[in-house]
Protein chains: 2
Amino acid sequence: MSRASGTRQRIMDVAQEAILRKGFDATSIEEIVASVEITKSGFFYHFPDKNALALALIERHIEVEDALFDDLFGRARELSDDPLQTMLIGLKLLAELIADMPNQHPGCIVATAAYQDRLFNRDVRASNRKAVLGWRKRFRAMLDEIAAIYPPRDEVDLDAVADMVSGQVEGGIILSRALEDSSILPQQVVLLRSYIKLLFSPPVQ
Amino acid sequence: MSRASGTRQRIMDVAQEAILRKGFDATSIEEIVASVEITKSGFFYHFPDKNALALALIERHIEVEDALFDDLFGRARELSDDPLQTMLIGLKLLAELIADMPNQHPGCIVATAAYQDRLFNRDVRASNRKAVLGWRKRFRAMLDEIAAIYPPRDEVDLDAVADMVSGQVEGGIILSRALEDSSILPQQVVLLRSYIKLLFSPPVQ
DNA sequence: GTAGTTACTTTACCGCCGGTACAGTCGTGC
DNA sequence: GCACGACTGTACCGGCGGTAAAGTAACTAC
């Protein structure tokens, strides 16, 4: 890692921690550079403006989260050949993982951007959209596999069900933060798992 | 309505519209007062600071939303004596209502506060918490009625299921905004309805 | 009918923050 | 040894949240 990319990385790490803790706007460039121990000019050498920092954080986050999901559902697939079981195991693992990193979930970054539309430029919003569509595609593929074997017990749009994974996480984060109770987020993921289970489980005879 | 409360109301109306459109931070006091046609000092006569405006908006929002839910589930109750059917009808009405007011859903205010913690003071966060707990209590009562008749088909925490209503709405808003597709939010509410239906429906024989 | 209160306006100012401009510096790689 | 990359230092700008305080028009109580 070169000197430049090291500094850039450190700016992003410090910024991400602060932004997740208190929001994008409440995190000043001046406080970031103080923490990284560079000057303000040093910051603007790496990022043309604060927006570019947000963009870099979102794009890095998508990569990290994709890798995490790959790992998680990869392990789940090793544990079962059945696509429904794989999904249920994966969601359980996700709930456990999330429970262990209470305030660190990066979905926040997407939501922050969603809620401060005019604060961010088109690039940031496009990247945000890309992230959500990526998750939809991932989970839609898994749901298709499941639905091919287990006909859903209710008439649903599988894209919407796929979106529900992201939605449940984002909504869970908001509730967790609003109530200052970190157990809510994993609990909401568990409920999503319960829905998937009920939706695709063959009727008991 | 006195002159003062009229002006206060107008400040809040203008502010709410702007905040929902572009976020709390991106909405300046100067632009609010320009739109209301008062001076900056006039604003600070009514609100000690911007935080107090946020607090007033959240508290007004809770009242409006409570009244809306009262009306909605009241109508649903008129349409069926069965608590499960009442819940399902109410969620359907909610989905329709939300579909008709694409970007206007005020849940945004709660989320905005949740995502900009340090930007708001303790009062705002307390009010926020109160709102979410109020929704939990409302839906928990309905779920208790349902569960007394229809035993749930999966082991779930009913408080968590109650929270899921708020969570699904908040998450749906984020997805709708991120994808700029207003149909996602009502769709997510429909999925919640599907879950409640599957969770409490007696098994088909 | 006038004194006091309410609901503001006017003017002037402060400090923080995002951002710009630009010259200077210091280490590394060729 | 020199060019380039990765910064530092200094100085400045405008917008925004917020403060201070004096002035004023309209209503309201007595």
### Relative contact order %, the range B:50-200, counting alpha carbon pairs below 8 Å whose residues are six or more apart
29
### Summary
Pairs over 21 Å Cα to Cα, from A:K92/B:K130; B:K130/B:K197; B:K22/B:K92; A:K92/A:K197; A:K137/B:K92; A:K137/B:K197, come to A:K92/B:K130; B:K130/B:K197; B:K22/B:K92; A:K137/B:K92; A:K137/B:K197
### Task
Go through the range B:19-30 residue by residue and turn each phi into a ³J(HN,Hα) via Karplus (6.51, -1.76, 1.60, θ = phi - 60°); whole Hz please, and just put x for glycine and proline.
5, 5, 6, 9, x, 5, 5, 6, 9, 8, 4, 4
### Task
Could I have the simple spin-label model distance between B:A141 and B:R122, label points 7 Å from Cα toward Cβ, reported in nm to one decimal?
3.0
### Query
In B, who owns the beta-carbon nearest the axis carrying B over to A, and how many Å from it?
B:G171, 1
### Query
Kirkwood Rh over Cα pairs of the range A:3-60 into Stokes-Einstein at 37 °C, 0.692 mPa s: D in µm²/s?
295
### Message
Assume the label is 7 Å from Cα along Cα to beta carbon: what separations in nm does A:D181 have to the matching positions in the other copies?
### Response
3.3
### Query
A:E63 to A:I149: extension gain in nm, 0.36 nm per residue of separation minus the Cα-Cα distance?
27.9 nm
### Query
Taking the label point as lying 7 angstrom from Cα along the Cα-to-Cβ axis, what are the distances from B:T39 to the corresponding position in the remaining copies, in ascending order and in nanometres?
4.2
### Query
Based on DSSP H runs of at least 4 residues, each adding -39500 (n - 2.57), what is the mean residue ellipticity at 222 nm of the protein assembly as shown after dividing by all its residues, to the nearest 500 deg cm²/dmol?
-26000 deg cm²/dmol
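Just so you know, all these numbers are worked out from the coordinates, no wet-lab data involved. Just so it is clear, the model here is predicted, and its values are computed rather than measured. Virtual Cβ from ideal backbone geometry, glycine too; neighbours counted across all protein chains shown.
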